[in-house]
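Peer 1: The structure's right below; bear with me while I get my questions together.
The values are calculated or read from the model by the stated rules, or taken from the named source; none is laboratory data. Small disclaimer: the values here were computed from a predicted structure and weren't measured. Heads up, the Cβs are rebuilt from the backbone with ideal geometry, glycines too, and the neighbour counts pull from every protein chain shown.
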Amino acid sequence: MPQAGAAARFPKFPRGESGVWMNLRPLVGMVAAFERLFHQRGLPLAIRSDNGAVRSPNALFNLSKLSVWWLRLGIAIELIKSGRPQQNGRHERMHLTLKKGNDPAAGRQWLATAGTLRRFVRELNAERPHEALDMKCPAELYTASVRSYAGLPGLTYPFHDREVLVTACGRLCRHRKRTNISTVLAGQKLCIKEVDEGIWLVSFMHYDLGYFDLKQKTLQPLDNPFGTRLSSIS
């Protein structure tokens, strides 16, 4: 259960919390914590988050290194609207329960106590009945995801003209021309397809990002393919 307000949607995962607590910086720590969770629970269908570390406000489509990694794993990203915590109501309710058991005078020191957090997760999942679950505990209904974690899958683009690697500075290099894409995609394999004379479509996985020609130095983005799409998990 990341502290930054991200809630994972696992198949048949009713209201339980994962028990993974982390500081969402730096990226290495985030990935390591999520890897532990994914090894234990499998891969979720989606992760819903607020506007925290999952987003990079100045990057292409507000992606971050973390959200790109999730996408590579086949995890959909669900971003709630700013100022709409009710769109992540289940997770917000969990935070309320956590705060009610906290001594306000203890502040962050209490939250940093690993033993206290483990007790809270055990109580929430295995001891405290939930009205929405017909007064059952989440542990009684929990089923792990059937999607196992085995690292990043490879990327192949059989229906595009070329595969290109984004440089460390976030560019595509073609015919001694450099097209700015985004540093959050550095090291990722993209594909390009010529859709008109000198006009190329750039895609990442099955997401179309935008167009460029060899005279331009920047990508002309399409509508955000990673826009807010909320499932019924609140």
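Peer 1: Residues in the range 132-154 that are modelled with pLDDT of 85 or more and either farther than 25 Å from I75 by Cβ or in a helix (DSSP H, G or I) (or both): how many?
Peer 2: Total meeting the criteria: 9.
Peer 1: What are the residues in the range 14-42 that are assigned to a loop (DSSP other than H, G, I, E, B), of a type outside the set (D, E, K, R) and at pLDDT below 90, if any?
Peer 2: Within the range 14-42, P14, G16, S18, G19, V20, W21, M22, N23, L24, P26 qualify.
Peer 1: Is it true that G74 is in a loop (DSSP other than H, G, I, E, B) and either modelled with pLDDT of 65 or more or among the β-branched types (V, I, T) (or both)?
Peer 2: Yes.
Peer 1: Identify, from the list L96, L79, the residue that is at pLDDT below 90 and either small (G, A, S) or loosely packed, with under 14 Cβ neighbours inside 10 Å (or both).
Peer 2: On inspection, the qualifying residue turns out to be L96.
Peer 1: Is it the case, given these coordinates, that L190 is closer than 26 Å to S49 by Cβ, surrounded by 14 or more Cβ atoms within 10 Å (Cβ to Cβ) and at pLDDT 95 or above?
Peer 2: Answer is yes for this residue.
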